[in-house]
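Asks: Please find one structure pasted underneath; my questions will follow.
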Amino acid sequence: MQRKSIFSVITALSVIVLPMVPSFSTTGYAMHPHESHPSVASGKGANPLVEEMIILDNVFREVVSAVAMGDGERVQKALHSMHGTMEKTHAGVHEGTVKIPKNADREKEFVQLDKEFHQDIEGLAEAGTKNDQEKMLILTKKLLDGCVNCHRDFRK
């Protein structure tokens, strides 16, 4: 009898807790090295590239999970917070508040790669609108490869 009630409690808890698991990734409990950067705060001296990387890190935690689940609406919602970040970063490059830490002489290449990256983000959002899981998967892989390659080439 006692075994049956323990099983019932475990089953009930599973029904309550398991649907909440996807939301754990959006709680922001994990720290990322960008967050300790001294120029993260908005305002004078802020580095828009670092700010964009913090947003992007959080976005991709959600996007990877959403793509795996085939949830295009969730992909779109996650990507929404990216709007305007490219423009701020490019303005920062022009104004000098963005300093590319490695291969600074390749600034034009960096800006072009960033433009292409953001075009792929728009493509991912469109695939999310259509709930096209295959295209979302292809673009997510491409975008993550772009992150790794950009860090390899431009981050110390």
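The values are calculated or read from the model by the stated rules, or taken from the named source; none is laboratory data. Since this is a predicted model, take the numbers as computed values, not measurements. Using ideal geometry, Cβ is built from the backbone for each residue, glycine included, and neighbour counts are taken over all protein chains shown.
Asks: Does Glu87 satisfy the condition of being closer than 17 Å to Leu49 by Cα and modelled with pLDDT under 95?
Replies: So Glu87 fits the description; yes.
Asks: Here is a follow-up. Which pairs do you get when a residue that is more than 15 Å from Arg155 (Cα to Cα) and at pLDDT below 60, found in region 31-60, comes within reach of a residue that is small (Gly, Ala, Ser) and surrounded by 14 or more Cβ atoms within 10 Å (Cβ to Cβ), reach meaning Cβ atoms under 8 angstrom, with the pair 6+ apart or on two chains?
Replies: Ser39/Ala46; Val40/Ala46; Gly45/Ser39
Asks: Of the residues that make up region 4-23, is at least one surrounded by fewer than 18 Cβ atoms within 10 Å (Cβ to Cβ) and at pLDDT 50 or above?
Replies: There is at least one residue in region 4-23 that is surrounded by fewer than 18 Cβ atoms within 10 Å (Cβ to Cβ) and at pLDDT 50 or above.
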